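S.K.: Questions regarding the structure given below will be posed in turn.
Derivation of every value follows stated rules applied to the coordinates shown; laboratory data play no part. Fair warning: this is a prediction, and the values are worked out from it, not measured in the lab. Every residue, glycine as well, gets a Cβ built from its backbone with ideal geometry; the counts of neighbours run over all protein chains shown.
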């Protein structure tokens with residue numbers, strides 16, 4: 001048996017068909033880590049965690065930019081939590097002084 005692919009014909013001329021080639025495995029190529037990311041329930045934080053997936057398809061030297069961007073976004077999300085007004089403090093009991 002031969003690994004060659006039979007020729008396909010188109011009209012009067014023969015057309016050689018290329019066999020499908022498997023993509024070569026390159027251990028140095030970027031590959032997803034497939035680390036699960038559990039949603040936190042905070043839309044801003046979850047968006048930043050999903051952004052980490054962008055580093056999966058970059059070479060190692062491109063990770064720093066993504067990580068710094070995510071860090072900045074998480075810091076902003078935490079700062080925004082501090083800036084939001086919380087529930088009012090309970091009233092202090094009246095103290096009678098003589």
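S.K.: How much length would be gained if the chain were fully extended between residue 43 and residue 80, taking 0.36 nm per residue of separation minus their Cα-Cα distance, in nm to one decimal?
M.R.: Residue separation times 0.36 nm, minus the Cα-Cα distance, leaves 12.1 nm.
S.K.: Please list the radius of gyration and Dmax for region 36-83, considering alpha-carbon atoms only, with Å as the unit.
M.R.: In order Rg, Dmax, the Cα atoms of region 36-83 give 11.5, 37 Å.
S.K.: Rank by packing, highest mean first: peptides 73-80, 87-94, 51-58, with packing defined as the count of other Cβ atoms within 10 Å averaged across residues.
M.R.: 51-58, 73-80, 87-94
S.K.: Packing-wise, with mean Cβ within 10 Å as the measure, how do 26-37, 60-71 rank, highest first?
M.R.: Values: 26-37: 8.3, 60-71: 12.5.
The most tightly packed comes first, giving 60-71, 26-37.
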